[in-house]
1. Which one, 204, 140, 81, is farthest towards the positive end of the dipole of the chain when Lys and Arg carry +1 and Asp and Glu -1 on their Cβ?
2. Between residue 266 and residue 219, with labels modelled 7 Å along Cα→Cβ, what's the label distance in nm to one decimal, could you check?
3. Arranged from highest to lowest average of other beta-carbon atoms within 10 Å per residue, in what order do the peptides 65-77, 136-148 appear?
4. Please identify the chymotrypsin sites (Phe, Trp or Tyr not before Pro) of the stretch 151-218 that satisfy two criteria: DSSP loop assignment and at most 10 other Cβ atoms within 10 Å. Which are they?
5. To make sure I understand the rule: partners must be lysines, Cα under 16 Å from the Cα of residue 116, and not fewer than 8 residues away in the same chain. Which ones qualify?
6. Could you give the length gained by full extension between residue 287 and residue 235, i.e. 0.36 nm per residue of separation minus their alpha carbon distance, to one decimal place?
7. For 107, 205, what's the fewest-to-most ordering of other Cβ within 10 Å of each Cβ?
8. What does the highest-first list of 222-229, 234-241 look like by mean Cβ count within 10 Å?
Amino acid sequence: MDYRAAADAEKNFLTETYRLFHRFPESSRHEFETHARIRRMLDDMNIAHQDPEGNITIALLGPEGGKTVAFRADTDALQQTERTGLDYASEKPGLMHACGHDAHITCGLGLAKLLKAREESLPGRVKIIFQPAEEGELGAQAVLATGLAQADAYFGVHVWSPYNAGELHVSPGGVAASCDMFTLTIRGRGGHGAMPEECVDAIVCASALVGQLQTIVSRFTSPMDPVVVTIGSFHAGTRCNIIAGEAVLEGTIRTFSPETYDRVHAQLDRMIRSCCEGYGCAWEMDMRPACKVVWNDAKLTEMARRAAKRVSPDGALPDVPCALGDDFADYRALGPICYARVGVRNEAVGACHPHHSDQFRIDESALPAAVAWMAAMADEFFA
């Protein structure tokens, strides 16, 4: 089947669907209206689906009993105000699809529509998993907990702003970093700003530690071993003349291998202990693993490459690993995975802003390419 021609014929459907979901974003774990819309559209296409939770929907195509391939489409948005000026901009204040999950919903529904047209000839089962809470809220774990996500292989396709619209990128091995989130509370002894000798200044300790943590990457890690340590939030103090007795730091750690993960965490612990003890502060660490390394299976990657040749004259281009995390990695507990990216960048239409920007948008012309690629992946899996 010529999936590219079939997907191009659904261009209007894909554009309208994308704009609909873009207008009505919902935050992680609150995607209930989103899933109600997904289910209505699946019903309109006469596609069976399982709804184990209000924000988990699994579309089912093809017969049971043979091999099963699954596709993940995440559905949550971000808590930020959109400033794109688009006619179809978010209608929900303080919420925006700034990571492309509205495009992923669209691609999942587009894939369902294409495969429905040839469902009787499908040799096995295709599951399209509409997942909640990818943005650091353990949405994949919620899906796995339903017991309904079993498959022989898992594909995830993510739109990607650094790549030109319509480009298809995939590579084997590690393509997205593990990500841990942490909250570090440093406790000193507050008091009057005129009597620092009677106090233990939590701000001074925390400030020194923030600087030290930067050396985990610059002085304790090889330049050839990607690591990112970020302090994204620093809260302390109440008035200019009060020495703060408490400071709270929030950050993330991103690595690409188990060995590096262990080494970076050990160095982090040593630095916190040394710095806090040196300044006479107590500390409390809350470390929250958000996602593991996304590690692409070599055989599935080759299937994706063959599929790309069928739907794009350029075939599959190499994917550059990035330090962004994605809980798609969790599906590896059930079977091999393959995470691919589709370019959506086009400066001519203003699609040139990074993910999580309040001006993020995609070039909608990339949607048919993504849908066609996913359908061809299913074909290659069953071949």
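Just so you know, all these numbers are worked out from the coordinates, no wet-lab data involved. All values reported here derive from a predicted model rather than from experimental measurement. Glycine also receives a Cβ, built like all others from the backbone with ideal geometry; neighbour counts cover every protein chain displayed.
1. Most positive-ward Cα: 140.
2. Spacing of the two 7 Å Cα→Cβ label points: 1.9 nm.
3. 65-77, 136-148
4. Here no loop site has a sparse enough neighbourhood.
5. 127
6. 17.0 nm
7. Least crowded to most crowded, the residues run 205, 107.
8. 222-229, 234-241
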